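Data block below; observations after.
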Amino acid sequence: MLPWKRALRPLSALLLATVLALTPTATATAAPTAAAPASGWNDYRCKPSAAHPRPVVLVHGTFGNSVDNWLVLAPYLVKRGYCVFSLDYGQLPGVPFFHGLGPIEASAAQLDAFVDRVRAATGAPKVDIVGHSQGGMMPRHYLKFLGGAAEVNALVGIAPSNHGTTLGGFTKLLPYFPGIAGLLNEHTPALAAQVAGSEFMTRLNAGGDTVPGVKYTVIATRYDQVVTPYRSQFLNGPGVRNVLLQDLCPIDFSEHVAIGTLDLIAFHEVANALDPAKAKPTTCLSVLG
């Protein structure tokens, strides 16, 4: 890709967010999407096996939903014997399909309720969570402030916005356009909260990145053009494993979207994080299964 096109990617994301913020919204909230049991996930009849005793809850990213973010990873995990569930969160009135835009604190409460539903249906005392982008960061609010640490064994973040993003430096321009910043905060609060240095990010990371009793894995790509700089995704604290995709496969050029939706090398490492006792080395050949 030409350098100027790569440089325009973060600006395009910011412009898209601005367009959404300026679009009038209706009063009705779109019905949440959900994968049918026939697809192999979101099947509430599924009972965890002795080999995989914890259900896996998939948490989509900003602008994602419970289906399109997981069309590859959900079947990948089902095939390996996991009970897999995904939710919609952060819906805005009148905005169908594109979720993860509402206040992150409210989204974390939605995740809390969803985990309770999964635990009740499966009989499992704890779940494992795998999230992409905001979906890898937002559960940390649930773990830290809503009692989630008692209900979650592991959190696996794929390109998570753990310390916010500079969008390649473009967010540094927001103070010069206070009207745009205000629109983002009012109409798409999750976007405003994910700006590096935001009030939400400051509160989330105050006192340490982790909570006791939860295992953390972060899988990042050096080619991430959305959560920048990419090392801001990494966590510090006990029980943390930070993984750079290119350390596993130097020729993997996945960027922010691909690593969470298509990348079988990243998904192999997700499987390792969910079952570390049976982990197998992740290499470029992991795309073969």
Per residue and in cubic angstrom, what volume does the convex hull of the Cα atoms of segment 207-262 have?
90 Å³
Size of charge dipole - segment 206-278 - debye, nearest 20, with Cβ of Lys, Arg +1 and Asp, Glu -1, no other charges
220 debye
Of all the accessible heavy-atom surface of segment 65-165, with the other protein chains kept in place and a 1.4 Å probe, what percent is carbon and sulfur?
64 percent
Taking the Cβ of Gly40 as the centre, find all other residues whose Cβ is under 13 Å away and add up their charges (Lys, Arg: +1; Asp, Glu: -1).
+2
Compactness of segment 87-176, expressed as Rg and Dmax over alpha-carbon positions, Å:
14.7, 52
Compute log10 of I(q)/I(0) for segment 178-286 with the Debye formula, placing one identical point scatterer on every Cα and leaving out solvent, at q = 0.14 Å⁻¹, to two decimals.
-0.69
Nearest-0.05 FRET efficiency for Ala51 and Leu244 at R0 = 41 Å, using Cβ-Cβ distance, is 0.90
I want to check the label-to-label distance for Ile251 and Thr202. Put each point 7 Å from Cα in the C-beta direction and report it in nm to one decimal.
4.7 nm
When the convex hull of its Cα atoms is projected in every direction, mean area for segment 37-157 (nm²):
6.8 nm²
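The values are calculated or read from the model by the stated rules, or taken from the named source; none is laboratory data. Note that the structure is a prediction, hence the values are computed from the model and not measured. Don't worry about glycine lacking a Cβ; one is built from the backbone with ideal geometry, like all the others, and counts go over all protein chains shown. Calculation scope for accessible area: heavy atoms of the full protein, side chains included, ligands and nucleic acids excluded. Shrake-Rupley method; radii C 1.70, N 1.55, O 1.52, S 1.80 Å.
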